[in-house]
1. For semi-axes √(5λ) of the Cα gyration tensor in Å, several values are listed as (1) 30, 25, 16; (2) 31, 18, 12; (3) 24, 20, 15; flag the one computed from this structure.
2. On average, how much accessible surface per residue is there in the chain, in Å², for a 1.4 Å probe, leaving out ligands, DNA and RNA?
3. Given a 1.4 Å probe and every protein chain left where it sits, what share in percent of the accessible area of the stretch 40-89 is carbon and sulfur?
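The values are calculated or read from the model by the stated rules, or taken from the named source; none is laboratory data. Here the structure is a predicted model, which is why all the values come from computation and not from measurement. Surface accessibility is based on the protein's heavy atoms, side chains included, excluding ligands, DNA and RNA. Shrake-Rupley method; radii C 1.70, N 1.55, O 1.52, S 1.80 Å.
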Amino acid sequence: MEFKIVKRGEIKLIGLKEKIDMGSNTLPALWGKLLDRKHEIKNLVSENCFGVAENFVFNPHLSSLEETVAFEVRDFSFIPEGMITKVLKPQTYLVFTHKGLLFATKDGKCSLEKTYEDIYFETLPKSGYKVDPSFNFECYDERFKHEDPSSEFDIYIPIKED
């Protein structure tokens, strides 16, 4: 897979965090809760949504993960009740673009799972970069169209700098 190297400054997020059970796929419900409450979040930087996976080391047998779904904000002057804040420090990332549907393909594989397999088992080992496994995030911008095969969004994998 192709990637680009991007340096990003600090990213301030407000959203919701849960431990996600991959077996029962509770992630869509978490996204639904966030989107239902989007109007409560003030000082949005953009309409982009972020999905931050913590302590993330991809493997096909991943049973659970800590996920924060959020919007980027200018500041934390108002935090809606029950929501959390998260700050991603300035970082250099390898950025991959996922193209296509999120869900099952004809061969029964999840399209997004296939993208992560390609990133972690094919591209990263050959890249020469050392990944920071403390987190990664997905950024859903105007290119993302739910249940549309032409959909795209970016996956940001932080790298360690010597």
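1. Answer label, from the structure shown: (3).
2. Value returned for the chain: 55 Å² of accessible area per residue.
3. Answer for the stretch 40-89 is 51 percent, counting heavy atoms of protein chains only.
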